[in-house]
Amino acid sequence: MGALVTGQGYAEGRDLVAPVSRPAGPGGRPGGEPSGGLRVSGLGVALPDGRGGHHTVLEQLDLDVPRGRLVVLLGPSGAGKSTLLAALLGLLPTGSLVRGHGWWEDGAAEPVDLVDPGAPARERLRGRVAAWLPQAPVGSLTPVLTVGHHLTEKARVHEPAAQVQAAVRLAMRRHDVEPQWWRRLPSQLSGGQAQRVSNALALLGDPGLVLADEPTTGLDRPRARAAAAGLTALAHDEGRAVLVVTHDLRLAEEAADTVVELDGGRTTGSDVPVTEVIARARRATHRLAPHATTAQRLAAPGEVPAAGGGPAAGGGPATSGAGPDEAQGPGLAGVDLTLRRGRGTLVRSGVTLRVRPDRTTGLMAPSGAGKTTLLRTLALLHRPATGEVRLDGRPVRGTGYAVPAALRRRIAFVPQDPRQGVDPRWTLGRSLLEPSRLAGRAGDDTTVARMLDGVGLAPELAGRRPDEVSGGQLQRVVLARALALGADYLLLDEPTSMVDAATARAVVRAVHEHQHATGCGVLVASHDEELLRTWCDVVVEW
């Protein structure tokens with residue numbers, strides 16, 4: 001392998017990771033330690049910067065993931081966690097520079113270097129040796145193929161014909177894939193549902209190494225706990241080597257045998273107990289926003305709302321959502337909506353919700369409850385089956401470009417998967433300036449730098465394309481562009497799902513400052529109760 005040459009101060013011999021472990025207790029790995037596992041040594045990665053050069057992401061990284069152990073790689077957005085997984089899977093962008101090794105050792109078999117671009121049949125290693133659980137699962141699914149088609153085709157690659165259906169049924173049970181999803185397309189799945197389908201696909205080949213990129217993104221707490229338990233079982237019960245990259249401290253606390261900290265190429269400590277690492281990281285979650293909150297419980301179909309003044313499910317007074325008469329006032333409102341996903345899957349009916357100017361409303365609901373569908377409906381991107389959207393009391397007809405531009409510009413929507421909000425061919429700087437261009441306003445590099453700084457990003461990211469930054473960084477870019485629109489109403493779908501706690505605080509601060517300056521109304525959809533109750537003026541719970 002050739003040396004990594006970047007011109008950005010590649011530091012030979014710098015150790016970037018700080019491993020910390022918890023001792024194996026009585027409930028730890030059964031029986032002895034399985035042989036083999038992943039051993040990363042001296043790994044360095046530099047990605048193309050779009051201008052003919054490279055920017056260094058990883059330097060001299062060493063990491064061990066033995067079989068039967070679950071190792072969590074903990075670090076902020078943009079630290080290089082996902083780049084490590086891409087290197088191990090042979091999925092780095094064309095033109096990337098790589099040095100070092102990622103040896104997979106499986107008993108008596110000859111070790112395989114997963115990061116060697118010259119290794120034969122790398123595609124066959126994916127799925128059979130290494131499984132990838134992606135951060136943005138919808139993007140990993142073919143949009144024109146149903147869930148059943150995905151599962152069947154993947155099983156045919158790895159299983160004898162007579163065992164295909166049995167393998168598919170087992171994968172569906174293990175990963176909580178509902179039978180009624182069989183004929184659905186990816187566009188008809190929620191983020192959490194797509195995550196479960198993606199997990200089932202990844203493990204159909206019975207790989208020895210599992211690489212999970214933010215596996216709890218888009219999942220409510222019960223589903224996240226189930227995902228953590230599933231990953232733990234893959235390591236402890238089935239003897240696989242499991243590497244999880246995440247900013248989810250609960251996942252690290254509940255599931256990790258070893259925690260490795262990675263932060264922008266610098267070590268943050270060594271030989272520290274897992275509990276201390278988690279406690280240090282958790283301190284960054286405090287003081288998100290000094291909001292006292294109330295809670296509403298929006299009745300599901302067939303339910304009777306609790307009487308006013310009674311305790312709501314999450315605390316505070318329990319009332320129904322805004323009624324049709326209240327939706328006549330200033331604000332963005334959905335009135336008596338029936339929501340369907342994709343080609344007709346019923347998501348929710350009888351929904352009435354109002355977003356008031358200069359107020360932050362939280363929508364708390366589990367995965368698959370229809371949060372994204374509601375936000376897309378309010379953003380005039382999705383037509384409700386029944387009911388209507390009102391803007392300052394007046395009904396708005398149509399969706400997309402059928403709506404007058406003056407009305408469309410009053411509403412900004414930030415999707416959960418940020419790749420849905422940018423053109424993959426454009427640099428981030430161009431994407432950020434597009435709202436100014438459409439509005440006839442001048443914008444330059446200084447404008448872009450100011451927008452990036454507002455969401456805690458460095459100005460040099462402006463020259464990169466979406467596939468050259470992390471999911472968390474791209475999520476903040478899409479938010480910065482939405483803020484630049486100057487819309488009256490800002491709709492945020494899981495806006496902190498891809499970022500660590502410290503970055504989440506920066507996101508909240510950016511939205512607060514924008515709201516204070518403009519008086520816009522904000523709707524935040526999430527299943528993170530702590531986030532919503534420390535951020536929002538009112539929380540509506542489904």
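The values are calculated or read from the model by the stated rules, or taken from the named source; none is laboratory data. This structure is a prediction, so every number in the text was calculated from the model and none was measured. With ideal geometry, Cβ positions are generated from the backbone for all residues, glycine too; neighbour counts draw on all protein chains shown.
Overview of values
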| quantity | calculated |
| --- | --- |
| Strands (runs of 3 or more DSSP E) enclosed by region 340-455 - at least 1 residues per element that are surrounded by 14 or more Cβ atoms within 10 Å (Cβ to Cβ) and acidic (Asp, Glu) | 386-391 |
| Residue in region 67-83 that is modelled with pLDDT under 75 and within 22 Å of Thr275 (Cα to Cα) present | no |
| Enumeration of residues in region 420-466 that are in contact with a Pro (Cβ under 7 Å, 6 or more places away or on another chain) and at pLDDT below 85 | Gly421 |
| Output for region 504-542, where each listed residue is buried (at least 18 other Cβ atoms within 10 Å of the Cβ) and in a loop (DSSP other than H, G, I, E, B) | Cys520, His527, Asp528, Cys536, Trp542 |
| First in region 514-541 and of a type in the set (S, T, N, Q), second anywhere and part of a helix (DSSP H, G or I), Cβ under 6 Å, 6 or more apart | Ser526/Leu532 |
| Counted residues, region 484-503 - those being buried (at least 24 other Cβ atoms within 10 Å of the Cβ) and of a type in the set (A, V, I, L, M) | 5 |
| Matching entry among Leu204, Leu211 (being buried (at least 17 other Cβ atoms within 10 Å of the Cβ), in a loop (DSSP other than H, G, I, E, B), touching a residue at least 60 places away in the same chain (Cβ under 8 Å) and touching a helix residue (DSSP H, G or I) at 6+ places or on another chain (Cβ under 7 Å)) | Leu204 |
| Criterion violated by Gly239 - all others in (1) in a loop (DSSP other than H, G, I, E, B); (2) in contact with a helix residue (DSSP H, G or I) (Cβ under 8 Å, 6 or more places away or on another chain); (3) at pLDDT 85 or above; (4) over 21 Å from Pro134 (Cα atoms) satisfied | (2) |
| Region 79-97, residues that are under 16 Å from the mean Cα position of the chain (by Cα) and part of a loop (DSSP other than H, G, I, E, B) | Ala79, Gly80 |
| Test: residue in region 399-409 that is touching a strand residue (DSSP E or B) at 6+ places or on another chain (Cβ under 7 Å) and among the small types (Gly, Ala, Ser) | no |
